[in-house]
Ligand SMILES: [Zn+2]
Ligand SMILES: [Zn+2]
């Protein structure tokens with residue numbers, strides 16, 4: 001089968017590799033679409049501790065189940081179904097899972113990389129992480145279930161409440177999905193700091209008040225916008241440590257700063273300890289999701305509860321995967337998606 005194989009930073013080749021087989025209790029998925037995620041792009045640019053080349057990247061996968069091998073009776077999808085598949089499921093039994101920290105489970109079961117014609121879906125993922133795409137939902141939109149699930153996990157972790165003022169630093173695809181997630185959670189005031197004009201326009205179209213941090217003193221702006229009370233929750237949706245400093249300055253008493261964007265190794269932040277103590281500002285982070293977030297994300301997309309118009313800006317065929325990575329790595333697009341199979 002054809003697959004886009006990652007051979008190391010800056011080296012992605014579309015080549016023939018052996019077609020995987022359905023494992024006992026699992027399934028074989030014919031991939032329709034796979035979204036390009038910030039993690040894929042970071043890996044392509046500078047490598048990633050989670051991916052050892054050669055390997056196939058891609059974890060925002062939608063496709064058709066073409067074979068199932070003795071599935072458990074509790075599997076809710078059937079052969080022939082179009083499904084959105086979570087890239088992993090937790091073990092549900094380890095101490096972290098027992099504390100409901102499923103996204104931190106160290107014994108996750110993973111699917112193969114999605115930039116390939118076929119993906120082997122192991123038994124646990126088939127049972128707990130594969131969901132039928134609701135009728136009428138565009139498969140490209142269904143592929144946003146994974147990034148949206150990451151945002152829902154962060155919104156839950158950071159306790160966004162009805163009436164909250166939320167600041168989002170960075171309005172890339174994740175920042176925009178975070179904005180939609182916060183609005184769905186009931187946040188009333190949505191503030192966005194973003195240097196790119198097109199991305200600011202996307203945020204404003206979604207009802208946010210967006211400013212350019214190069215032109216605006218963010219701390220003074222937040223003070224003004226919140227009558228000096230500060231933001232209830234700040235999401236740092238860029239991979240820059242200095243943005244965390246801005247977030248700390250913007251958070252009000254009792255506020256939460258969520259470091260959501262992945263940072264390179266060695267990135268350090270400094271925190272004013274008095275703000276943590278006297279103002280009870282919480283600094284946290286979020287990474288990944290639990291199957292329940294994925295299910296909810298797909299349902300929200302199907303119900304039109306999140307506005308994803310304009311988030312996917314580029315579509316490439318699998319043969320054009322290298323160009324897709326190059327385009328995404330330059331930051332010239334919001335979200336790119338790769339069309340792999342016939343159903344797309
Ligand atoms: Zn992703
Ligand atoms: Zn676990």
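Here, each number is a calculation from the coordinates, and none is a lab measurement. None of these values were measured; they are calculated from a predicted model. Reconstructed Cβ throughout: ideal geometry from the backbone, glycine too, with neighbour counts over all protein chains shown.
In this rough spin-label picture, where each label sits 7 Å from Cα along the Cβ direction, the residue 273-residue 323 distance is 5.6 nm. Once you keep just the Cα pairs under 8 angstrom separated by 6 or more residues, what percentage relative contact order results for region 243-282? Relative contact order, region 243-282: 55 percent. First measure r as the distance between the Cβ atoms of residue 96 and residue 228, then evaluate 1/(1 + (r/R0)^6) with R0 = 35 Å and state the FRET efficiency to the nearest 0.05. For R0 = 35 Å, the calculated efficiency reads 0.35. When all C-alpha to C-alpha distances in region 1-150 are sorted into bins of 5 Å, what percent of pairs does each bin hold, rounded to whole numbers? Percent of Cα pairs in each bin: 2, 10, 18, 21, 21, 17, 9, 3, 0. The residue 19 and residue 309 beta-carbon pair, evaluated with R₀ = 45 Å, returns a calculated FRET efficiency of approximately 0.80.
Fully extended, how many nm does the chain gain between residue 69 and residue 215 (0.36 nm per residue separation, minus their Cα-Cα distance)? Full extension of this stretch gives 46.8 nm more.
Taking every C-alpha pair closer than 8 Å and separated by at least 6 residues, the mean separation divided by the residue count of the chain gives a relative contact order of 20 percent. Residues of region 38-64 with an amide N closer than 17 Å to a point placed 7 Å from the Cα of residue 11 along the Cα-to-Cβ direction: 43-49, 51-57. Taking the centroid of alpha carbons for each part, region 15-32 and region 149-177 are 34 Å apart. Among 193, 158, 270, a tally of other beta-carbon atoms within 10 Å of each Cβ gives an order, fewest to most, of 270, 158, 193.
Exposure proxy ranking for 181, 32, 195, based on other Cβ atoms within 10 angstrom of each Cβ and starting from the fewest, stands as 195, 32, 181.
For the chain, the convex hull spanned by the alpha carbon atoms encloses 131 Å³ per residue.
Computed from the Kirkwood radius of its Cα pairs, the Stokes-Einstein diffusion coefficient for region 159-285 at 37 °C and 0.692 mPa s stands at 231 µm²/s.
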